[in-house]
1. Given 4 °C and 1.567 mPa s, how large is the Stokes-Einstein diffusion coefficient of region A:54-113 in µm²/s, with Rh as the Kirkwood radius over Cα pairs?
2. Okay, which of region B:47-87 sit inside 20 Å, backbone N to the point 7 Å along the Cα-Cβ direction of A:Leu545?
3. Could you tell me which of A:Cys521, A:Thr496, A:Val596 has its Cα farthest along the dipole of region A:476-630 towards the positive end, charges placed at Cβ (Lys, Arg +1; Asp, Glu -1), taken about the Cα centre?
4. Answer rounded, prolate or oblate for chain B, using the Cα gyration tensor with square roots of eigenvalues a ≥ b ≥ c: rounded when a/c is under 1.5, else prolate when a/b is larger than b/c, else oblate.
5. Share of antiparallel DSSP beta bridges in the protein assembly as shown, in percent to the nearest 5?
6. Between copies, how far apart are the B:Ser135 label points? List them in nm, one decimal, shortest first, with each point 7 Å from Cα toward Cβ, please?
7. For region A:426-624, just run the numbers: alpha carbon Rg, then divide by 2.2 N^0.38 Å, N being how many residues it has.
8. Measure out, as a whole number of angstrom, how far apart the alpha-carbon centroids of region B:114-157 and region B:376-404 sit.
There are 2 protein chains.
Amino acid sequence: MSTISETDVLIVGAGPAGLIAAWWMAKCGIRLRVIDKDPNELLHGRADGMRPRTVEILDSMGSRMMETITQESFPMLSSHNWMRDEDDNIQRVERLDMYEDHRKVLATPFHSQALSQGRIERIIQDAILDLTNGSVVVERGVAALGLEYDQSLEQDHSAYPIAVTIHKQKQNQNQTEKVKAKYLIGCDGARSWLRRELGYKTEGSNTNTIWVALDVYPITDYPDVRKPSSIQTPKGTMLMIPREKGLLRIYVPMGIEGQDAERDTVTLEQASAYVKPLFKPYKFDFERCNWWSAYSLGQRHSERNRHDGNRMFLAGDSVHNNSPLIGLGLNVSVHDAWNLGWKIAMAFSCPAGVDRNAILSTYEAERLPIAKTLVHYDRNWTSLFNKALVEPAVFIQRYIEFRNFSDGYRWNYPDSRLINRATSKQELASNLVVGESFTHARVSMHADGQTYWTCSRLRADGRFNIILLAGDWDDAQQKERVQTFCQKLEEEKDGTSLLYTRYPYPWKSSSSFYNYDKSNCDRGRPHSLINILTIHTGGDETPLLEFPTAVRGPYHYLYGWDYSRILVDMARPYDRYADGKAYEAWGVDRRKGAVVVLRPDMHIGWLGDLEDFDALEGYFETFLGAAWKE
Amino acid sequence: MSTISETDVLIVGAGPAGLIAAWWMAKCGIRLRVIDKDPNELLHGRADGMRPRTVEILDSMGSRMMETITQESFPMLSSHNWMRDEDDNIQRVERLDMYEDHRKVLATPFHSQALSQGRIERIIQDAILDLTNGSVVVERGVAALGLEYDQSLEQDHSAYPIAVTIHKQKQNQNQTEKVKAKYLIGCDGARSWLRRELGYKTEGSNTNTIWVALDVYPITDYPDVRKPSSIQTPKGTMLMIPREKGLLRIYVPMGIEGQDAERDTVTLEQASAYVKPLFKPYKFDFERCNWWSAYSLGQRHSERNRHDGNRMFLAGDSVHNNSPLIGLGLNVSVHDAWNLGWKIAMAFSCPAGVDRNAILSTYEAERLPIAKTLVHYDRNWTSLFNKALVEPAVFIQRYIEFRNFSDGYRWNYPDSRLINRATSKQELASNLVVGESFTHARVSMHADGQTYWTCSRLRADGRFNIILLAGDWDDAQQKERVQTFCQKLEEEKDGTSLLYTRYPYPWKSSSSFYNYDKSNCDRGRPHSLINILTIHTGGDETPLLEFPTAVRGPYHYLYGWDYSRILVDMARPYDRYADGKAYEAWGVDRRKGAVVVLRPDMHIGWLGDLEDFDALEGYFETFLGAAWKE
């Protein structure tokens, strides 16, 4: 029996990448389906953690995901490295604190967090259920079989150029269905069906050395069992990551040379018998192993992650496949989908004047180089792990070298319509780099003194944020500059103002059950694709209503003014992190300020002076086009 | 139609006190019913906030209550005071930061939080649902009508000396039911049915001045609308408390003298017309008023809160009734029930050797003086508010004077079997005062370096906690002292050891759906009524297994050791609050330490030296009796 149906976005694969892409569609109220050939939800094993910027992304998605993660996950705070002496006994030789002095300026409130992939997937699924009132559920046990693509429909926005034949096994009945879609995202892993359908080659290589990963409840007197640690072994360096609920993830080189087929011959008994003596002189045992897997290290990336027609995309492991040792697969996958999701939502929902191809093409330009860097770094990293007697200092040096990349805070996207260095003034903010994601700081709300990390005021809802670093509002000259800038934001040109009416918010904006802002009553869906958040350096004595209306936000006939949109960078006696050093962290002049544009994924698209309003307007016009007529 | 039924604990009144009492029963798996004559859940109005220690209590109850509160409530950070000049215009004259320099040692991670009573009640109810798998629900629209008490059964633990006739209106049918119970708690408000049944008189007085409380969405240019503030008016001092979701609570003296009956003649129009001009020269208006109430200020307390037979108790407004201005009614009510709940649970569940009457009598000894102090303070405080031209400085002085009382951190309970000053050595810890609740600090876990507030490691589950401030473990002499102390904890006397077997944990321990400890796997229900938590001042390099087994906690055949029970007071680069100053905050010698016993409500019951094991043992024996035979 075969049926034909339609959806707007079809996502193949419900791992972290597929779920993040699905979340964006759910958030923007776009019709979607997510299928996964695995009939069961992942419960144990696979990836084991998130880097700071990944945690930041999940936090920005709301639905209390961050609270669940904070509750459950294990922060990676230090690394302890052990060497092996002539008697085959291990000794700790090095301890590395992963975080520098937090009494200094911080770039993020988030740590790297260890948590099993299954829980991370469950948390994202819960957020999707929350946003869609339970209506979007992953269809499991459903495989994609065939792809038809009608290129003639490619540029017709209302058409469904894609048809995917899917197959579901249900109560001993095989059902096939043809799903027509406007967009197709393949998040279907290393052996991606979509990548094969599109004929993209992969580049890379596998080593033949077999490693084993295990999740166990250790019974041991090994002193660093609850700290991330590494131990030299005769076959390479073993890595241990403590996890939630007392679990320990172990990565151990087995020293067996083999092909894919031979991996299957490794048994848990073998792996267990091999790993236990490696802790000598400490006893190491376990009764319970939650999950284990044998694999050979290898790195591959796809030659492309985007089909020319900008209707079909790959994300996650289907684009890059790396060793688990580096702990970046899940992270880079999440970021792929994070980058892609809002762009598809824009292409799908924004009116005709928007340059859809320009927006969607940036996905490849921005993410494919990251996939390549990942492969490069991983090769570099795993070759160290595969060697027998590498000094911990070498690992540490390598770790530090790649740290900005691996923590996800220094991914610099190239020039495009969405990243405009040409009209930006990078010199205004040494630490807010155009192309990179925003650096967060703890500031306080002008009206009530509550303290917040900037990220918690920048929720992911598809909007662009103008961060108005207004400088010293108490300085008369600066105040005038701010007022002039604000006037231009509101000023109508050909009947629309940049801030309010030029680009109306295009989505219904699914709202979360948990979206409860203590500083504000519910003001309904946003009106504009462009939001503004102001952070000044004056005192907090100025009455809120003396600020320009542009930065204060709209007046509501029932609820009055919005008090949550003006922040101040000042030290607060009740919060050690609100230390009045945000501008210092950003490298911005406390008196003169700057204007920063954040894309919906929080990457900086443009940076300029308060006088550079024309360039700011131009930034948006290059990809959003002229004013949208509603 | 009348039926007869049995329950173990019957709670009349489902306000904050009734719900907290119900939570303890739910937590300890004791059969209970909660009835409330109001057919509807409270949605708006009444109390509007929690003091720090109240927030700490809710946090210790688990079930993610604290996360919800943090998300929703408005922290009280400062107070802004306005006077009125000759032209009737108001001017800000004073600003008081409610929190001192947090870079100094902190006593608590919690602020005072403004949140409406209805939300607080809902959050506690959700926790009860969580603990009981949805089986304990408040029975609404059910009133208590008659009480029978059989004094001859009073001392028979298995008997039901109480019978309450309850009446429920249901689909136009009136049903009565006779509920037999072992314990009865009246949390039924100022006009308490149970208090009248028991014939307890109230002492106190009402002023006749009418005040109005309003919850509005303000539309105003009054600069301090999002800060707690006060304004002098011709009839007294008006108080404004910003709240969740942009709400503002206003307390305004109307200057009308009247009796209870005349309150009803005040209309919202009148109150609204009166309050708006008081903000002159600022405009003040509102379209939406969520709730309002007219009342006369007054203070009363019941002569008793406990029936001699220790089977019937009063808590909350049924014991003390005060003005809303002081913002303490809900807080003191929560603390009443907090104090009573675990005592009833112990009396109900512990074996015969336990001196039930001694335990239950302490409720009156500990809480009735608090009710009296509340009335005294409130009288003092509201008399200031009722005067026309009080200087803000006077309020501030009075606020500071009563602050330790109102924040709930300095309620010193008198000597009893549960508070043993006679065998304690107060000089060992200048800031951990026997009889008061514990002062919290941020310390880190020895095994993994994760940082925690001490309160987050001390969940409310009915257990007593021995806090072993082990001092400098790296000092050989001190190490020996700790080892000797630990040996005694484990040593058997007449076949039982204090730590493990003397007093087995008596409850099934309902566990929360949300109880997910990132540092530990689930080890099931506790084994002993006595728990130990160690905080030392040595470094974190000592392997965990070098600590005595008593402080490490039990070994589990599947999960190995428990890594979460030893904490260290040291500065951590990744956490500005983990500053290594906990011992300093407690006033304890970093080298020599001390031993502190916390009751299940976190009040300090005993304090001594590591050599004072006999006194420690004696502390427990005076109320728990000799070893419990299972």
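1. In µm²/s, the coefficient rounds to 91.
2. So the set is B:80-85, B:87.
3. Result: A:Cys521, furthest along the dipole toward the positive end.
4. Details: a/c = 2.04, a/b = 1.33, b/c = 1.54.
It is oblate, given that a/c is not under 1.5 and a/b is not larger than b/c.
5. Antiparallel bridges: around 70 percent, rounded to the nearest 5.
6. Label point to label point, same position, other copies: 3.7 nm.
7. 0.97
8. 35
No lab work stands behind these numbers, since they all come straight from the coordinates. Please read all numbers here as calculations on a predicted model, not as lab measurements. Quick reminder, even Gly has a Cβ in these numbers, built from the backbone with ideal geometry, and neighbours come from all protein chains shown.
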